[in-house]
Amino acid sequence: MKSLNTWITLAIAFAAAPALAQTPAPAVPAPAPDRGPQTNWWSQAGGENGPERIVWAAQKTPETPYTGVNKPIWHIADILKSHQGQARWEEKVVLTRDFDGRYVQMAPGDKTKCMFYADDRVFGWVYSGAVTITIDGQEPKVLSKGWAFNVAPRLSYCMETVGTEPVVYYRNTPAGQVPSYPESETPTPVPGYKYIKTKITSTGGYDSFNVPFFNVTEYGDSKRTGERFLYDGHTSSNLNIGMNLTELPPVTNWGHWHANMVELWVNVYGNVCALISGVGVVHGELGDVINANEERWHRATSCPNTGKSIRMAMTPRSKEGQVHYYQVDQRPGGQ
């Protein structure tokens, strides 16, 4: 009997062994899936890197006319000539849905009031002379010919001429908006508005895409490329480089156009030649302002045999993505 009991005990132990061996081991994390290219490209952020599609786009006919101060090109030489003998002046050269662009001359000793815009930037570029710009949170900076400036929303800025010569600069402010002022200033009256004391907690500042000051001339003289100084949800101002050309692209290449959007350029380095539909090729020298109206084809490059150029391009909504409509028989971006 004892021997039988021993065999029964051993049999039970061996029978239990497989069951014990089947006890699940701690789970091992599955390897992360291979993250290949975005398959659902409809969901990626706005940009110009999607697959090519042929679409129908609505282009105004006749083409959007140039009205008011807007025209295909403002030559800085003509602006300066029209204000000859004046110590200080402003000339509005751009007024679109988004931008109010002006050339300004300040006389020696002139100083502006400190002011800011609630939700949009003030930016520009110095054509001649020198000016000190003081922006909230930044050390005062003397900007001479070739420097660009970028005042973030809600940061007040003041400008003061440096030296014995006048300063001439291009300045862009948001269209249709009036400025706010620090408590220490006396606001300049604006018809249809009254200034009241209020309290704000909103701040403004800079990031990797936005810098307060940028030396465009130094940038142009270097071999650097692809740098930004202003880029946010409302405004983009790219320093687009045009390389030296021996001849313009063929007349069959019209460039691109934008829906309900003006593209502007200030020539800030070298000479820019822009083809605008209904206008032809305009030749811009340093300081000239070129305006490609809504829905007009445009193509901007350096002028042939004049070396490198830089145009300070101004468009809205670049960060969210803006559609560039290209010809169906041309390579996108091949201008």
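The values are calculated or read from the model by the stated rules, or taken from the named source; none is laboratory data. Every value quoted in this text rests on a predicted model; they were computed, and no experiment measured them. Neighbour counts run over all protein chains shown; Cβ positions are idealised from the backbone, glycine included. These area figures cover heavy atoms from the full protein model, side chains too; ligands, DNA and RNA do not enter into them. Shrake-Rupley method; radii C 1.70, N 1.55, O 1.52, S 1.80 Å.
Numbers at a glance
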| item | result |
| --- | --- |
| Accessible area of segment 100-180 divided out per residue, in Å², using a probe of 1.4 angstrom | 35 |
| Net charge contributed by nearby residues that have their C-beta within less than 12 Å of Thr96 (K/R +1, D/E -1) | -2 |
| Ellipticity estimate at 222 nm from DSSP helix runs (n ≥ 4, -39,500 (n - 2.57)) divided over the chain, nearest 500 | -3000 deg cm²/dmol |
| For the chain, built as a Gaussian network whose Cα springs stay under 10 Å, the top-fluctuating residue of Thr201, Thr186, Thr132 | Thr201 |
| Gyration tensor (alpha-carbon) shape descriptor, segment 81-154, a/c threshold 1.5 | oblate |
| Relative contact order %, the chain, counting alpha carbon pairs below 8 Å whose residues are six or more apart | 17 |
| Total charge dipole magnitude, segment 99-169, about the Cα centre, Cβ charges on Lys, Arg, Asp, Glu only, Debye to nearest 20 | 60 |
| Segment 49-192 - percent relative contact order, Cα under 8 Å, separation 6 or more | 26 |
| Which listed pairs, of Lys81/Lys308; Lys71/Lys145; Lys113/Lys308; Lys111/Lys223; Lys71/Lys113; Lys92/Lys197, have C-alpha distances above 32 Å, in listed order | Lys113/Lys308; Lys111/Lys223 |
| Under 12 Å, Cβ to Cβ, from Tyr326 - net charge with Lys/Arg +1 and Asp/Glu -1 | 0 |
| Aspartates and glutamates whose Cα lies under 18 Å from that of Lys141, excluding same-chain neighbours fewer than 8 positions away | Asp110, Glu160, Glu165, Glu218 |
| Three-way shape call for segment 213-264 based on the alpha-carbon gyration tensor, with the a/c threshold at 1.5 | oblate |
| Cα→Cβ-extended label distance, 7 Å offset, between Ser82 and Asp221, nm | 3.3 |
| Contour minus Cα-Cα distance for Lys308 and Glu139 (0.36 nm per residue) | 57.6 nm |
| Net charge over other residues, Cβ less than 14 angstrom from the Cβ of Leu275 (K, R count +1; D, E count -1) | 0 |
| Top of Gly205, Gly146, Gly85 by mean-square fluctuation, Gaussian network on the chain, Cα under 10 Å | Gly85 |
| Highest-MSF residue in the chain out of Pro153, Pro316, Pro187 [GNM, Cα springs under 10 Å] | Pro187 |
| Heavy-atom accessible surface of the chain: percent carbon and sulfur, 1.4 Å | 56 |
| With DNA, RNA and ligands ignored, accessible area of Asp78 (1.4 Å probe; Å², nearest 10) | 90 |
